[in-house]
Structure formats: C-alpha cells, structure tokens
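See below for the structure under consideration.
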Amino acid sequence: MIISSASDYRAAAQKRLPPFLFHYIDGGAYAEQTLKRNVADYADVALRQRVLKDMSQLDTSTELFGEKLSIPAILAPVGLLGMFARRGEVQASRAAAAHGIPFTLSTVSVCPIEEVAPGLGRPMWFQLYVLKDRGFMKNALERAQAAGCSTLVFTVDMPVPGARYRDAHSGMSGPNAAMRRYWQSVTHPAWSWDVGLNGRPHDLGNISAYRGSPTGLADYIGWLGSNFDPSISWKDLEWIRDFWKGPMVIKGILDPEDAKDAVRFGADGIVVSNHGGRQLDGVLSSARALPAIADAVKGQIKILADSGIRNGLDIVRAIALGADATLLGRAFIYALATSGQAGVKHLLELMEKEMRVAMTLTSVAKVADINGDLLVRQ
Ligand code: FNR
C-alpha cells in the first residue's frame, strides 16, 4: 500500500491493530458528531489563492516559548502510545526530535518520563491530568522537572471520562471484572509490551513509577477512571503554577470566557481543543471555536490548537484562524501504529511538504505572515 497521507496511515493502522485498540484511537464520544465536525470544519476553511509573488525563500519554522520548531506543530499528549507500537513513546519522541518539533509525554504513557526524556536532544514537554491523588500529580511534576521537561501541558477537559460507545463495545472500558477478563483474553501480534526501564514487562509508565509496582492494565484503567477529579477549579491550579518554573499551557479551552480566565490566571498559553471529540459531543469544533478565542486573547498568550488537524494545509488553516501553532493527535498515532518511528518521521515530512504547498499558493513566505487575510470571508 502506498502511503501519502494521514488518512492512508489510518487505513494501514486499522489493518494492523487489534480492533479494540484501533477503535480506542479512532473513536470519539457519544454519536461522534464533534469528532466528524473537527475534520470537516477544517476542510471547509477556504483560503485565498495568490500567485506570482516569488515564494522561493519560504520558511515553515517558528518559535514557541524560546524553542525553535521546524513546523508549527507539536506531538499531542496521547495515553498508552506504547500499546500501539513497542516503546511507542520512545519511537514517537525520537521522530519528533529528528524533525525538529517537541513531543509531549502523556501522564498515562506506557514508557515513563525517565525512559523517554534522556537522549532526545531537545527538551520534552509533559502533560498532566487533574487527579484526585494530588500526591501523584506532585510526584509527576517533580519527575518531569528533574528530567528537564520544558513546557507543562495541563489538561483540564477530563474532570470525568467521556462516554465512548466504541470502547464500551470493544471491551476497552466497562465494569472492571469484565474488562479484566477481556484484557486477559487478548493476544495479537501487533500488540506487544516492551520491557520497561526497570526491566519488568508490562510496566505502566508514570503510574507504576509512582505506585511502585505494575498492576496490569485493567487495574490501571480502573485506578485512572476512579481518580479523575470533578471538583477541580482554577484555585486548584495555583500550586501547580507556583511549582512549575517553565511555560504552562492549559489544554481543553473551547470558550472565549475560559480563555480570558486562562490569561488572568497567568497561563503562558492555551490549547483550543475538544480532546479530539472524545469528551463532550456536540461542542464546537476547534476550527469554529478558534476565531472568537483569538479575539478574546488578543495576543496576550500563545494559542495552540488541536482536534481535526490531518495535514499541512490544516496547520495553515488553524494559524489563519488565530492559532500560533498546532498539536497533532490521531494523524501521528496512525503513523506510529503502522510503522513506528519511521512512520511518524514520514508523516511529519508529508505535513511539512503540504504546508509548503499551502504557503506557496497563498503567497506567505513565513509563519508569522499567516493570518486572517488568507481566509475567504463567506
Ligand atoms: C488523546 N488525547 C489525550 N490528551 C491528553 O491531554 N492526555 C492524554 O493522555 C490523551 N490521550 C489520548 C489518547 C488517544 C488515543 C487520542 C486519540 C487522544 C487527546 C489529544 O492530546 C488531542 O487533544 C487530540 O488527539 C486531538 O484531536 P485529533 O487531532 O486526534 O483529532
């Protein structure tokens, strides 16, 4: 199969992965309306084609929080990457670093912080979930800081897990006993755990590192499910703001009022995101939420955007709608699941090429010049 896009990687990943893992990646919440609109609404953003402006000196790079990025994209935090490819977090982070962009390690990674960060050649970003066990959060922050992580991505749109029908049907979620039976019955050539940093198989990354011993995936998901914290409010974030010395980005903002609160709170940036349509179905797509948020923020802090970015043209569209940079989610996960590190590297090369085409044919030579003037106002 010839692969020339993220959607080709999606098709290839579906062939390779056991169904429960493919649907965990691919699926969204409830009827998946927001999931579909995320992609469709970016595709609907029309750009003004401009020609004959000498685009031979085109530059896709940008700077964010003092770091140079070869394209305005960051690999989004994704839980359980190490289940989609052996040592998936290590492979994806290496591909990102080789392409010159940051990788964000999820709280719920298979490989722990200490395994992924060293030897990367650039600082890793770290994502933190709000969990009832504040001891876990503090421990994770301390370890991320010790490992030299630069930017903290603090995800706030998961005070409760989303209702995902595909996961319930596949056995990925559900009552603990049933889930445990299901997990124990699963074997598949594409699904293999690696031996972790401390030599034990089936390590469960940052959570095992905190709790001391690996407990198996069903217990892990059970612990996680019962540890999301619906009581979280801006006040709870203050100790993290005090503790984390580097840039802090709040992920999961979809409303201009919340974006203004993030500015007041002292965040360095926000991620306009609906978690890839995995949390509350029916909320605005990222493409539709962006313009009003950019208006509200007025350049005071950085705006990152994800949910529906599938190619380099979408990156240009998101920036034209008001983002400074984008996060890639499923696009890179499908590539990782298909061909590991080489797949992610290839995907990033494709995205950069697509960006170059989009910039050339809209006549913008640098990322800083991508703005609302590129949009066809309908
Ligand atoms: C995610 N996402 C996510 N976000 C986060 O903050 N922590 C996490 O552990 C995860 N885990 C995760 C797993 C899987 C399988 C997916 C698909 C997504 C959300 C992710 O960071 C990002 O917001 C979305 O993936 C963006 O949407 P697209 O680009 O995938 O449509």
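The values are calculated or read from the model by the stated rules, or taken from the named source; none is laboratory data. These numbers come from a predicted model, not from an experiment. Glycine gets a Cβ as well: all are built from the backbone with ideal geometry, and neighbour counts include every protein chain shown. Remember, those area values only see protein heavy atoms, side chains included, never the ligands or the DNA or RNA. Shrake-Rupley method; radii C 1.70, N 1.55, O 1.52, S 1.80 Å.
Cβ-Cβ below 9 Å, separation at least six or inter-chain, first residue in the stretch 239-251 and basic (Lys, Arg), second surrounded by fewer than 19 Cβ atoms within 10 Å (Cβ to Cβ): which pairs?
241/265; 241/266; 245/145
Can you pull out the residues in the stretch 106-138 that are in a loop (DSSP other than H, G, I, E, B), buried (at least 20 other Cβ atoms within 10 Å of the Cβ) and not hydrophobic (A, V, I, L, M, F, W, C)?
106, 107, 109, 112
Test each condition in (1) over 23 Å from residue 57 (Cα atoms); (2) in contact (Cβ under 8 Å) with a residue 60 or more places away in the chain for residue 322 and report the one that comes out false.
Just one mismatch for residue 322, condition (2).
Taking interchain pairs and intrachain pairs at least six residues apart, which have beta carbon atoms under 7 angstrom, with the first residue in the stretch 333-352 and farther than 15 Å from residue 25 by Cβ and the second assigned to a helix (DSSP H, G or I) and within 14 Å of the ligand (Cβ to nearest atom)?
346/335; 351/312; 351/315; 352/312
Considering only residues that are of a type in the set (A, V, I, L, M, F, W, C) and part of a helix (DSSP H, G or I), which ones fall in the stretch 21-56? Write out each step before concluding.
Narrowing the stretch 21-56 to residues of a type in the set (A, V, I, L, M, F, W, C): 21-22, 25, 29, 31, 35, 39-40, 43, 45-47, 51-52, 55.
21, 22, 25, 35, 39, 40, 43, listed by residue number.
When residue 308 is evaluated against the numbered criteria (1) in contact with a strand residue (DSSP E or B) (Cβ under 9 Å, 6 or more places away or on another chain); (2) on the phi > 0 side of the Ramachandran plot, which criterion, by number, is the only one it fails?
Of the numbered conditions (1) in contact with a strand residue (DSSP E or B) (Cβ under 9 Å, 6 or more places away or on another chain); (2) on the phi > 0 side of the Ramachandran plot, the odd one out for residue 308 is (1).
Please work out if residue 329 is open to solvent by 10 Å² or more (accessible area, probe 1.4 Å) and within 18 Å of the chain's Cα centre (by Cα). Reasoning before the result, please.
On the way: open to solvent by 10 Å² or more (accessible area, probe 1.4 Å): yes; within 18 Å of the chain's Cα centre (by Cα): yes.
Considered against the rule, which asks whether it is open to solvent by 10 Å² or more (accessible area, probe 1.4 Å) and within 18 Å of the chain's Cα centre (by Cα), residue 329 comes out as yes.
Need the failing condition index for residue 99 against (1) touching an Asp or Glu at 6+ places or on another chain (Cβ under 9 Å); (2) open to solvent by 30 Å² or more (accessible area, probe 1.4 Å), just the number.
So residue 99 meets the others, but not (2).
Starting from residues that are assigned to a loop (DSSP other than H, G, I, E, B) and within 16 Å of the ligand (Cβ to nearest atom), keep the ones in the stretch 93-105 and report whichever is nearest to residue 226 (Cα to Cα).
Looking only at the stretch 93-105, we keep the residues that are assigned to a loop (DSSP other than H, G, I, E, B), and these are 100-102.
Among the residues that remain, those that are also within 16 Å of the ligand (Cβ to nearest atom) are: 101-102.
Numbers: 101: 34, 102: 31 Å.
Filtering first and then ranking leaves 102.
Could we say that residue 292 is open to solvent by 10 Å² or more (accessible area, probe 1.4 Å) and over 14 Å from residue 5 (Cα atoms) here?
Taking the combined requirement at face value, the residue satisfies it.
Does residue 323 satisfy being part of a loop (DSSP other than H, G, I, E, B), open to solvent by less than 30 Å² (accessible area, probe 1.4 Å), within 16 Å of the ligand (Cβ to nearest atom) and not hydroxyl-bearing (Ser, Thr, Tyr)?
Values: part of a loop (DSSP other than H, G, I, E, B): yes; open to solvent by less than 30 Å² (accessible area, probe 1.4 Å): yes; within 16 Å of the ligand (Cβ to nearest atom): yes; not hydroxyl-bearing (Ser, Thr, Tyr): yes.
Taking the combined requirement at face value, the residue satisfies it.
Using the structure shown, decide if residue 77 is assigned to a loop (DSSP other than H, G, I, E, B) and surrounded by 24 or more Cβ atoms within 10 Å (Cβ to Cβ).
Numbers: assigned to a loop (DSSP other than H, G, I, E, B): yes; surrounded by 24 or more Cβ atoms within 10 Å (Cβ to Cβ): yes.
The answer is yes for residue 77.
Considering only the stretch 265-287, state which residues are in a helix (DSSP H, G or I) and within 14 Å of the ligand (Cβ to nearest atom). Reasoning before the result, please.
Going residue by residue through the stretch 265-287, those that are in a helix (DSSP H, G or I) are 265, 275-277, 286-287.
The answer is 275, 276, 277, 286, 287.
Between residues in the stretch 114-125 that are closer than 15 Å to residue 152 by Cβ and residues that are surrounded by fewer than 17 Cβ atoms within 10 Å (Cβ to Cβ) and not hydroxyl-bearing (Ser, Thr, Tyr), which pairs lie under 7 Å by C-beta distance while being six or more apart or on different chains?
Partner pairs satisfying both residue conditions: 117/148; 123/148.
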